[in-house]
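One structure below.
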Amino acid sequence: MTRKELFKNTLRKSVHAWKLINELPLSDDESLMLRHFMDQPGFLDLHWRMFVPAIKGQGTEEQKQKWLPLANKMQIIGCYAQTELGHGSNVQGLETTATFDPQTDQFILHSPTQTSSKWWPGGLGKVSTHAVIYARLITDGKDHGVHGFIVQLRNMDDHSPLPGITIGDIGVKFGNGAYNSMDNGFLMFDKFCIPRDQMLMRLSKVTREGKYVPSDVPRQLMYGTMVSVRQTIVSNASIAMARAVCIATRYSAVRRQFGSQNGGIETQVIDYKTQQNRLFPLLASAYAFRFVGEWLKWLYTDVTQRLEASDFATLPEAHACTAGLKSMTTSATSDGIEECRKLCGGHGYLWCSGLPELFAVYVPACTYEGDNVVLQLQVARFLMKTVSQLGSGKAPAGTTAYMGRAKHLLQCRSSIRKAEDWLNPAMVLETFEARALRMAVSCANNLSKFENQEQGFSELLADLVEAAIAHCQLIVVSKFIVKLEGEIKGKGVKNQLKNLCYIYALHLIHKHLGDFLSTNSITSEQASLANHQLRSLYTQVRPNAVALVDAFDYTDHYLGSVLGRYDGNVYPKLFEEALKDPLNDTVVPDGYHEYIRPLIKQHLRSARL
Ligand SMILES: CCCCCCC/C=C/C(=O)SCCNC(=O)CCNC(=O)[C@H](O)C(C)(C)COP(=O)(O)OP(=O)(O)OC[C@H]1O[C@@H](n2cnc3c(N)ncnc32)[C@H](O)[C@@H]1OP(=O)(O)O
Ligand SMILES: Cc1cc2nc3c(=O)[nH]c(=O)nc-3n(C[C@H](O)[C@H](O)[C@H](O)COP(=O)(O)OP(=O)(O)OC[C@H]3O[C@@H](n4cnc5c(N)ncnc54)[C@H](O)[C@@H]3O)c2cc1C
């Protein structure tokens, strides 16, 4: 399809999804799932995933009563317009202004520079009638920083942009992926006026007289929508990783290459240790991210309930965990999808393998909802603050509770003596805790050598990111272990999940061996024992690998992959797909007579000469 056809087809599907949601007796979760699956990525997704939550989180009761009924019936279609051409990561650097005019009791929205143009918001370019806009609030000449406003963008009768608004699509994005069905847009305001009651005023407000009343709660609650999406992105990482691993595992069981004895059958590539070493950690990651995603959803729900009771105690933890786990799981999943493509050899590069499309649609997850490095630096800031408070009498809690055992963890030596010890949850956990703590403390010690802490932080950014990642990997490993200790139906299932848990943990030790050795968390001999155990775990997982991906229960339609078909009937279907290609409509291609024939003829002529 051309981009316009792709876009229009997505509109058709989104409206169809909405019709189904209204007609079918669905639970909230089911309708959210339907909205997500039928429209990923699409404007419907962001209306529900960002526009509506922003109003719920930052609107007053009156504003919610006015706008949510319209949004819930989709009588208005909204997007989340925060990022600008010149600023995305640095939200406090946004340039769009919202200047209060007491004469008219209005805000004047303006894009003072080209870099202040809104740029990227999904659904902004062509579909949305409204947006939650983030702009610098200015009253009486004073800049109060970035705040949220609900703004109508288009005429509700003919969809034309309102006067004072220039709006459009930012153009084709990465690859040929479905993200090109999404109208990520640009928007400029030219002294565009909105009523004062369209500033989202649950946190801060402006009175009729133009007096700014700052929030009496942490200003970062304005970021709540981003935090909620980051939380869902972690579970989405598991889904995307599982899709890629399902395709690569099933194909690795089908594909045979080399190894035939006396003309016998060739070896399944899934039996090569290199294939297992690349594939099974990704299989383990799909399960690991699912379990940490379940836990993160609990954490987010818990902090949301606490916030409603004005309890902000766990807000920093929730921010650090959503930021860090979103960053870590999306980076791992993007790399994992690409690895799955390579695990499928040449056929993995075919569009019909489903992997190029999955990669093209998935990789922006490393950037949207927060650049992954910028988010890990938020985690690093949280860790440095926690380390600085050690010994203050305030015991670290939650995911940093291990730091409360700093005295032990800083000097302990791993008691791993044999390969089987690497199946001991307490020993594995302590290894990850020691590595994470020692990296964080090392950063804090190096930071303390700088007179200017901000300068020191800037100098140590790379180390700080690595310490943040170590902390996040500890969280994932610990939540997998907790899951195993919980109720899991079926002894066989539990055994398989246990194998995957330790494959996940031990592959991380191998991958980040430098950290573990340089922090003396383990010795090289213990690392060798870990590798030995890892190979043994691969052997145990191998017989169940296909069953473990079948367990994701993805339909062939959803996987969209000839290589990942449930029936494994790959080769005939590859031909079937190939013959569908328009290039095969004729056996002699267009262009033969204009270009190929003259070339050959010219060659023949010169040959005769
Ligand atoms: C699921 C599939 C669908 C996906 C659809 C994708 C659609 C995409 C949508 C988007 O991309 S929307 C735009 C996303 N943009 C971002 O994520 C921007 C990233 N940047 C930021 O979040 C912030 O700029 C920042 C990096 C957190 C910095 O913010 P700020 O300058 O205001 O704060 P700091 O000075 O760094 O920190 C001050 C203080 O505040 C704490 N804090 C920061 N953010 C939060 C938060 N979200 N929640 C709670 N607390 C927060 C921070 O930890 C500091 O605390 P202290 O250290 O002072 O205690
Ligand atoms: C597909 C897609 C959909 C999107 N949808 C939306 C949407 O619906 N609404 C919306 O508002 N936005 C949206 N965005 C924008 C997105 O949120 C931003 O692109 C994202 O937050 C990253 O910001 P940036 O582009 O400014 O990156 P930058 O911050 O400019 O990143 C560029 C590089 O600079 C580095 N960097 C930046 N700051 C620091 C620092 N302090 N220390 C170290 N390194 C640093 C980064 O790590 C990165 O390597 C979308 C983006 C994409 C790709």
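Remarks
- Sites Leu162 and Lys73, calculated FRET efficiency, Cβ-Cβ separation with R0 22 Å, nearest 0.05: 0.55
- Heavy atoms of Trp295: accessible area, 1.4 Å probe, square angstrom to 10: 40
- The range 246-321 - convex hull of the alpha-carbon atoms, volume per residue in Å³: 82
- Taking a sphere under 15 Å around the Cβ of Gln63 and counting the other residues whose Cβ falls inside, with K and R at +1 and D and E at -1, yields a net charge of +3.
- Heavy atoms of the protein chains alone define the surface here; on that basis the range 457-609 has 58 Å² accessible area per residue at 1.4 Å probe size.
- Computed from backbone phi, the HN-Hα couplings of the range 465-479 come to 5, 5, 5, 5, 5, 4, 5, 5, 5, 4, 4, 5, 4, 5, 6 Hz, rounded to whole numbers (Karplus: 6.51 cos²θ - 1.76 cosθ + 1.60, θ = phi - 60°; Gly and Pro given as x).
- Computed P(r) (all Cα pairs; the range 341-380; 5 Å bins; percent): 6, 23, 18, 13, 12, 12, 11, 5, 1
- Using distinct alpha-carbon pairs, which all enter the 1/r mean, Kirkwood radius of the range 381-532 in Å: 16.3
- Sorted largest first by accessible area at a 1.4 angstrom probe radius, with every protein chain in place, the residues Arg405, Arg3 fall in the order Arg405, Arg3.
- Probe 1.4 Å, all protein chains present, accessible-area order of His159, His510, largest first: His510, His159
- Per residue of the chain, the DSSP helices (runs of n ≥ 4 H) give a summed -39500 (n - 2.57) that works out to -17000 deg cm²/dmol at 222 nm.
- The string of couplings for the range 57-73 from the Karplus curve (6.51, -1.76, 1.60, θ = phi - 60°) is x, 10, x, 6, 4, 4, 5, 5, 5, 7, 9, 5, x, 5, 5, 5, 8 Hz, one whole number per residue in order, with x for Gly and Pro.
- When nucleic acids and ligands are ignored and a 1.4 Å probe is applied, Thr539 ends up with an accessible area of around 80 Å².
- Accessible surface of the range 345-426, 1.4 Å probe, proportion on carbon and sulfur as whole %: 60
- Unit charges on C-beta of K, R, D, E only; dipole of the chain, Debye: 1080
- Percent carbon-and-sulfur accessible area, the range 257-339, ignoring ligands, DNA and RNA, probe 1.4 Å: 54
- Long pairs among Lys4/Lys173; Lys449/Lys511; Lys8/Lys173; Lys118/Lys173; Lys8/Lys126; Lys64/Lys297, criterion Cα-Cα beyond 20 Å: Lys449/Lys511; Lys64/Lys297
- Heavy-atom accessible area per residue - the range 372-420, 1.4 Å, Å²: 57
- Coordinate range along principal axes, alpha carbons of the range 143-271, Å, largest first: 91, 39, 25
- Surface accessible to a 1.4 Å probe, Phe174 within the full protein complex, Å²: 120
- Per residue accessible area in Å² of the range 235-322, where ligands, DNA and RNA are left out and the probe is 1.4 Å: 42
- Counting only the Cα atoms, the range 326-429 fills a convex hull of 150 Å³ per residue.
- Computed over Cα pairs, the Kirkwood radius of the range 409-448 leads via Stokes-Einstein (1.306 mPa s, 10 °C) to a diffusion coefficient of 143 µm² per second.
- Dimensions of the range 410-483 from C-alpha coordinates, computed as largest minus smallest value along each principal axis and given longest first, are 46, 25, 15 Å.
- Residue order by solvent-accessible surface for Thr139, Thr274, Thr314, Thr586 is Thr274, Thr586, Thr314, Thr139, largest first, with ligands and nucleic acids left out and a 1.4 Å probe.
- Kirkwood analysis of the Cα pair distances in the chain returns a hydrodynamic radius of 26.9 Å.
- Fraction of C-alpha pairs exceeding 17 angstrom in the range 1-118: 68 percent, rounded to a whole number.
- Kirkwood radius for the range 101-195, taken over all pairs of different Cα atoms as the inverse mean of 1/r, rounds to 14.3 Å.
- Shown is the FRET efficiency for Gln114 and Met427, computed with R0 = 56 Å from the Cβ-Cβ distance and rounded to the nearest 0.05: 0.45.
- Counting protein heavy atoms only, the range 117-253 has 55 percent of its accessible area on carbon and sulfur, 1.4 angstrom probe.
- Between Asn452, Gly345, Val363, the Cα set farthest toward the positive side of the dipole of the chain (charges on each charged residue's Cβ, about the Cα centre) is that of Gly345.
The values are calculated or read from the model by the stated rules, or taken from the named source; none is laboratory data. All of these numbers come straight from a predicted model, not from anything done at the bench. Please note: Cβ atoms are built from the backbone with ideal geometry, for glycine as well, and neighbour counts cover all protein chains shown. Surface areas here come from the heavy atoms of the whole protein model, side chains and all, with no ligands, DNA or RNA. Shrake-Rupley method; radii C 1.70, N 1.55, O 1.52, S 1.80 Å.
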